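Data first, discussion second: the structure below is written as structure tokens.
Read-outs: derived from the displayed coordinates by stated rules, not from any lab. Everything numeric in this text was worked out from a predicted model, so none of it was measured. No Cβ is skipped: glycine too gets one built from the backbone with ideal geometry, and neighbour counts run over all protein chains shown.
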Amino acid sequence: IKPAEETCSFTVPNYACQRRTQLHHHNPSLSDALTLLAENAELNEDDGRAVAFRRAAAVLKALPAEVTSVSQLKGLPCLGEHSLRVIKDVLKDGSCSEVETTKHSQRFNALKVLTGIFGVGVKTADRWIRDGIFNLQQLRESQTTLNRAQQAGLDHYEDLNQPVTRADADSITEIVQEAVSSLFPGAQVTLTGGFRRGKMTGHDVDFLLTHPEEGREEGLMDKVVSWLDSQGLLLYQKTSRNSYLESRDGPGRPSSNMDRFERCFAIFKLSRGQTSPPAGHQWRAVRVDLVVTPISQFAFALLGWTGSKLFERELRRWAGHEKAMSLSSHALFDKTQKRYLRASSEEEIFTHLGLSFIPPSQRNA
Ligand code: ATP
Ligand code: MN
Ligand code: MN
């Protein structure tokens, strides 16, 4: 006779891209604990460990009910010894000492604050910490030279670390939509990222711009950015050219997860009326990502920019390990057939990959 707990254990497929992961789920305290350890591993550039914790957290997010005992987790994928130990502690005591120690450690907090500055990555933050800089005040008082992005990030630190609301995202969508349709009739604006997955807040607003006629998207970014700038809507922008065709690795095989679309990392200035700035302020700063894609790559770009980051990573792992295919935000290459597989919708890409379609709202892995 099996113990009662074992009979009610869960089953979950191996890859996050095979699962439906809602924004709200049954195990937030467990997934939060694992996510914090993942974040800490990322801040210390321990990618292997970070992905392991992210995968474990994603499995818990996909469970159909609250976990009450570790025995229910028997046989589930992606739960290593370390993650199980954390889960056990949280189930038993409501917290895990490793998580609590990390949360209160000086290094973790300094890395969080410093990488919370737009334009500052973990390498830079780590170098500053070694120079004795642990917070914004010490950074401001130091003689540290900042690049243009970092200076903008520091200037607008508070606004940029304030969650962007759905209402903010909607008013930015209206602005971008207006710019695009008046400058480039027929061009299309699509909201991607977390807001497309149904999140109510985000750290930025992500857009994909395209034109239904291949090639007609050329010049779109420059025009849109100049217009936004002339309207006084930009506090900062850095535009990079499309480098897809000139890349040495060739199409479909970019050397990293970074894609090569023409893009603009911007900081918008939203006035009162367009948003609700902090009390006493006339405007607030909001991070916006604009990406231009030719229509032939639109479905891949849409899938690639909708996230979540783990969902994307799992899609690429599935494609490579299970299907001998290579997926990027530009294309899908079948290594067996030695050809690119075309797609004009996300549904077609899932079909090529032999996966059931998962709608954006269920990609919150
Ligand atoms: P948040 O609400 O915090 O913004 P998000 O899911 O929208 O969450 P982003 O960092 O804005 O997170 O990224 C959105 C999507 O775009 C992710 O799926 C990510 O993989 C993709 N992405 C972000 N930056 C790049 C990049 N440089 N190259 C390719 N894809 C990227
Ligand atoms: Mn985003
Ligand atoms: Mn983004």
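Length gained on full extension, Thr68 to Lys238: 56.4 nm, using 0.36 nm per residue less the C-alpha separation.
Where the only charges are on Cβ atoms (+1 Lys, Arg; -1 Asp, Glu), what is the dipole of the range 1-119 about its Cα centre, to the nearest 20 debye? Let's see the in-between values first.
Working: 14 positive and 14 negative charges, 58 e Å.
Approximately 280 debye in magnitude.
Computed extension gain for Tyr340 through Gln282, at 0.36 nm per residue and net of the alpha carbon distance, reaches 15.9 nm. Counting only residues at least eight positions apart within a chain, or on another chain, the aspartates and glutamates with an alpha carbon under 18 Å from that of Lys199 are Asp32, Asp168, Asp170, Asp289, Glu312. For Arg284, the shell of other residues with beta-carbons less than 14 Å away shows a net charge of -2, using +1 for Lys and Arg and -1 for Asp and Glu.
Taking every C-alpha pair closer than 8 Å and separated by at least 6 residues, the mean separation divided by the residue count of the range 1-156 gives a relative contact order of 22 percent.
Among Arg49, Arg127, what is the fewest-to-most ranking by other Cβ atoms within 10 Å? The partial results should precede the final answer.
Values: Arg49 17, Arg127 12.
Ascending Cβ contact count within 10 Å gives the list Arg127, Arg49.
Using only alpha carbon pairs under 8 Å that are at least six residues apart, calculate the relative contact order of the range 187-330 and give it in whole percent. That works out to 28 percent. Only lysines eight or more places from Lys74 in sequence, or on another chain, were considered; those with a Cα closer than 20 Å are Lys2, Lys61, Lys88, Lys92. Dipole orientation for the chain: of the candidates Thr190, Asn147, Leu341, Leu341 has the Cα lying most toward the positive pole (charges on Cβ; Lys, Arg +1; Asp, Glu -1). A simple count of charges around Asn109, restricted to other residues whose Cβ falls under 12 Å of its Cβ and scoring Lys, Arg +1 and Asp, Glu -1, yields +2. Using +1 at the C-beta of Lys and Arg and -1 at the C-beta of Asp and Glu, which of Ala319, Thr21, Ala167 has the Cα lying farthest in the positive direction of the dipole of the chain? Result: Ala319, furthest along the dipole toward the positive end. Residues whose amide H comes within less than 5 Å of that of Leu235, counting only those at least five positions distant or on another chain, are Ile267, Phe268, Lys269 (H built at 1.01 Å from N in the peptide plane).
When +1 charges are put on Lys and Arg Cβ atoms and -1 charges on Asp and Glu Cβ atoms, the dipole computed for the chain relative to its Cα centre reaches about 620 debye. Ranked by how many other Cβ atoms sit within 10 Å of their own Cβ, fewest first, the residues Arg260, Arg20 fall in the order Arg20, Arg260.
Could you give the size of the charge dipole of the range 31-71 about its Cα centre, using +1 on the Cβ of each K and R and -1 on the Cβ of each D and E, expressed in debye and rounded to the nearest 20?
Approximately 220 debye in magnitude.
Over the range 270-365, Cα pairs under 8 Å with separation of 6+ residues give a relative contact order of 24 percent. Listed by chain and number, the aspartates and glutamates whose C-alpha is less than 18 Å from the C-alpha of Lys338, apart from same-chain residues fewer than 8 away, are Asp249, Glu322.
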